[in-house]
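J.: First the structure, then my questions, so here it is.
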């Protein structure tokens, strides 16, 4: 059986950045990955611009204070000066307005006194250039301002608006098909009869795909019967990724591996030394990645977190951190009999002062999703470790970096 | 002038959790805040369930190994047992299937050998209860499993599916109206003529609202003229929040404060001791929060980050951490003449080994959004601090907790 790290390496090698692009408006560009280089069609600022409301002056006029100046015109933002500022004069100017010819500084209105009858008294000195933004000082016309591959935040979107990109090319989100298998499954709107359970994996995977920046599509439930399964798998193989939950363990009704092989899926592994989630299948067909995940909800969730999310991030072209690892003091003795698998245990991680503690939550195994609702992360037990005493340092993974207890390693 | 902390306290006090709710399907529930308590309509698991593919047995039958047992029936998942397991017999069972009456443990199929002719050889021992999940051990029927106020993650969505909630009540996102003011503004699809600039604030604010979990609506550009501005402000006051950029400084064309007062907006402050962003107005009308933000893009962005985002998080009922503060070693001497405002300087924060350094990016002031595209956070200079030498520790704020250099204080 391969290790978690080996399996992850195989998955990452097979994941390629999606080449399709979407053209989106600025109201839909947030957190998308830029698919084109962006060049400015203007100088920024486009002219010598006042950065304050006040008076455009000649700085040498302010050698002795207060200085009385004649106000020759008033330039609101959106208008431009028509008169040249000469010695002894000033133009009233608003933030963002072009600075008058002749003026070499702007005095903030707070540092002046309007005397009426076209005069202003300047109370404080300014130096040449004060409160003026020089044409092109931020960006020159023709300059490349953003590069393909950048994740768009509010500041990049602001620059796109400023340079005339009301639409922008971004990388398409990976399309992920989600398929549930199992004759025992019914949808959440049905009351399960004896022997049945409601399908939850598909909805959990759907949410995980959304959080990972992918575009999920739900293919429904397939009963454990070959024709039905074959049809749904064929449809799913047209996506960038196919996630199948259930049908991959050693049971006689687990048709998934054979149907995948029949469909020319190149299977890279069918088992990983991990608990929960050992019977996990990974394969590829062309550029499509296929994961066969265990039917148990917790196994499926953890397999997504460890293998599927990194693949989706790479396919999305998103290079931000997505695995929030750190160290915590174990709060309770841990023991296990067999140590040949890397184990993940749901934990409530908390921080008090500088100390971070991981408290394993009460957990009944890989079907017990209720336990996960009480957890904000996972405790990681490496292969060959069969006990960790309370008080020892251990490895933890947070589900979210916004968790108040998060402290990266 | 009030301080940043005082201003934030005023804003937070005025922000109330939105009381409206939406009913959403599970495909739209991710990261929403639950608006109802959730109770289970079933025991989980709903019956004593096999957690492995294998054989349901009587554990006492396995005292001497290998043990040969007669296979009396085969129970796939979705079907249920019809025969009672008696001494010397076993039923073949799949993961998730109800365990046969009489059996007290399940042996994994990997630890057995099918002998053909209705016989199986068991190779390893199991204890009573092994590989069986007991009815109701995770959740009892009628039990409250999730509480109003919880932020839905994949695990909560899984539990909603399992307990029959195909739709769920969540808190509505705060509706935020965005209004740009300024005669000099044109939309991004226009080429600005002399004296004009493209509107970027509205798009930057739109993205920030989206990232904060709010529902933004763009009201367009209002020229600096009272009738137009009055109409758009009236419309915006129907939202949960109105964000106005521009029109709040001391210029003669800044009509925003007077129109707000005329519309019975209760203005809490009009200035904060902050740089950039000093002329920031905050007021309320009923439950609507109103921010009048400076026209400069960087000021507007930072005012959102520091004041608007915390208000939106509170209004959303979202209690996750959203302010990512820490410490870094300043990479370059910092000096300023006047120290009466708390100053925020765009910085590239990086981490190498255990050391976190903040490098202020080249920055031309509050219109220079280009500088912000090179920054992943802000350096914070407190009031009364007029210099920090390179090598000293300083306060920093990251824009994102997923930043690889993030290290919370």
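Taken together, the values in this text are just the output of simple stated rules run on the coordinates, not laboratory data. On a predicted model such as this, the values are computed, not experimentally measured, just so you know. Here Cβ is always computed from backbone atoms with ideal geometry, including for glycine, and neighbour counts include all displayed protein chains.
J.: Let me have the relative contact order for chain B, percent, based on Cα pairs under 8 Å that are six or more residues apart. Can you show the working numbers first?
T.: Numbers: 952 pairs, mean separation 64.1, N = 409.
Answer for chain B is 16 percent.
J.: Can I ask one more? Is there a simple number for the mean count of other chain Cβ atoms within 10 Å of the Cβ of residues in A:179-191, and what is it? It would help to have the intermediate numbers written out before the result.
T.: Values: counts 0, 0, 1, 6, 6, 11, 3, 2, 3, 10, 5, 2, 3.
What the average comes to for A:179-191 is 4.
J.: Can you give me the orientation-averaged projected area of the convex hull built on the Cα atoms of chain B, in nm²?
T.: Working: hull surface 113.7 nm².
Result: a mean projected hull area of 28.4 nm².
J.: Here is a further query. On the rotation axis linking copies A and B, which residue of A comes nearest by its Cβ, and by how many whole Å?
T.: A:401, 2
J.: Hey, another quick one. One decimal, nm, shortest first: give the distances between the label point of residue A:223 and those of the same position in the other copies, each label point 7 Å from Cα along Cα→Cβ.
T.: 7.0
J.: What's the angle, to the nearest 10 degrees (0 to 90), between helix A:226-236's Cα axis and the longest principal axis of chain A?
T.: Around 20 degrees separate the two axes.
J.: Further question on the same structure: Rounded to the nearest 10 degrees, what's the angle between the helix A:4-14 long axis and the longest principal axis of chain A, both from Cα atoms, 0 to 90?
T.: 60
J.: Å³ per residue of the Cα convex hull, for the range A:168-314? Could the numbers behind the result be given before it?
T.: Details: hull volume 16.8 nm³, N = 147.
Normalising the Cα hull of the range A:168-314 by residue number yields 114 Å³.
J.: With 10 angstrom as the radius, rank B:148, B:135 by how many other C-beta atoms surround their C-beta, starting from the fewest. Working shown, then result.
T.: Details: B:148 15, B:135 18.
If I rank by nearby Cβ atoms, fewest first, I get B:148, B:135.
J.: To the nearest 500 deg cm²/dmol, what mean residue ellipticity at 222 nm is calculated for chain B from DSSP H runs of n ≥ 4 alone, each contributing -39,500 (n - 2.57), summed and divided by the residues?
T.: Numbers: 8 runs with 69 residues, N = 409.
Helix-only estimate at 222 nm: -4500 deg cm²/dmol.
J.: Build a GNM of chain A with springs between Cα atoms under 10 Å: which of A:182, A:96, A:353 gets the top mean-square fluctuation?
T.: Ranking A:182, A:96, A:353 by mean-square fluctuation puts A:353 first.
J.: Treating the point 7 Å from Cα along Cα-beta-carbon as the label, what are the nm separations from residue A:66 to the other copies, to one decimal?
T.: Computed spacing set for this position: 10.6 nm.
J.: If the label for residue B:101 sits 7 angstrom from Cα along the Cα-to-Cβ line, what are its distances to the same label in every other copy, in nm to one decimal, shortest first?
T.: In nanometres, ordered from closest: 10.4.
J.: Further question on the same structure: If the convex hull of the alpha-carbon atoms of the range B:137-236 is projected onto planes in all directions, what is the mean projected area in square nanometres? Intermediate values should be presented prior to the final figure.
T.: Details: hull surface 37.6 nm².
For the range B:137-236, averaging the hull's shadow over all directions gives 9.4 nm².
J.: Provide the three semi-axes, in whole Å and in decreasing order, of the ellipsoid equivalent to the range B:232-335 as defined by the square roots of 5 times the Cα gyration tensor eigenvalues.
T.: On the way: eigenvalues 145, 77, 18 Å².
The answer is 27, 20, 9 Å, longest axis first.
J.: Where the centre of each part is set by its Cα atoms, how far does the range A:267-292 sit from the range A:2-16, in angstrom?
T.: After rounding, the separation between the Cα centres reads 9 Å.
J.: So for the range B:138-194, what are the equivalent ellipsoid semi-axes in whole Å, largest first, each being the square root of 5 times an eigenvalue of the Cα gyration tensor? Each step should come with its number before you reach the end.
T.: Working: eigenvalues 478, 30, 14 Å².
Here the semi-axes work out to 49, 12, 8 Å.
J.: Let me ask another. For chain A, set up a Gaussian network in which alpha carbons nearer than 10 Å are linked by springs, and say which option among A:172, A:245, A:204 fluctuates the most.
T.: Greatest mean-square fluctuation among the candidates belongs to A:204.
J.: In a solvent-free Debye calculation with one equal scatterer on each Cα, what is log10 I(q)/I(0) for the range B:49-133 at q = 0.24 Å⁻¹, listed in the order of the q values?
T.: Each listed q maps to, in turn, -1.14.
J.: With the Cα gyration tensor of the range B:324-398 giving a ≥ b ≥ c as the square roots of its eigenvalues, does the rule (a/c under 1.5 for rounded; else a/b larger than b/c for prolate; else oblate) give rounded, prolate or oblate? It would help to have the intermediate numbers written out before the result.
T.: Numbers: a/c = 1.74, a/b = 1.13, b/c = 1.53.
Judged from the Cα gyration tensor, the range B:324-398 comes out oblate (a/c at least 1.5, b/c at or above a/b).
J.: Separate question: What is the helix-to-structure angle for B:201-211, meaning the angle in degrees between its Cα long axis and the longest Cα principal axis of chain B, kept from 0 to 90 and rounded to the nearest 10?
T.: The angle comes out at about 20 degrees.
J.: OK, next. Which of A:205, B:65, B:330 comes first, and how do the rest follow, when ranked by fewest Cβ neighbours within 10 Å? Don't skip to the end; give the middle numbers.
T.: Working: A:205 30, B:65 11, B:330 22.
Least crowded to most crowded, the residues run B:65, B:330, A:205.
J.: Distance from the Cα centre of the range A:144-186 to that of the range B:317-352, in angstrom?
T.: Cα centres, the range A:144-186 to the range B:317-352: 28 Å.
J.: If you project the alpha carbons of the protein assembly as shown onto the principal axes, what extent comes out on each, in Å, largest first?
T.: 113, 48, 48
J.: Next question. Report relative contact order for the range A:32-153 in percent, whole number only (criteria: Cα-Cα under 8 Å, sequence separation at least 6). Could you put the intermediate results ahead of the total?
T.: Working: 316 pairs, mean separation 51.6, N = 122.
Answer for the range A:32-153 is 42 percent.
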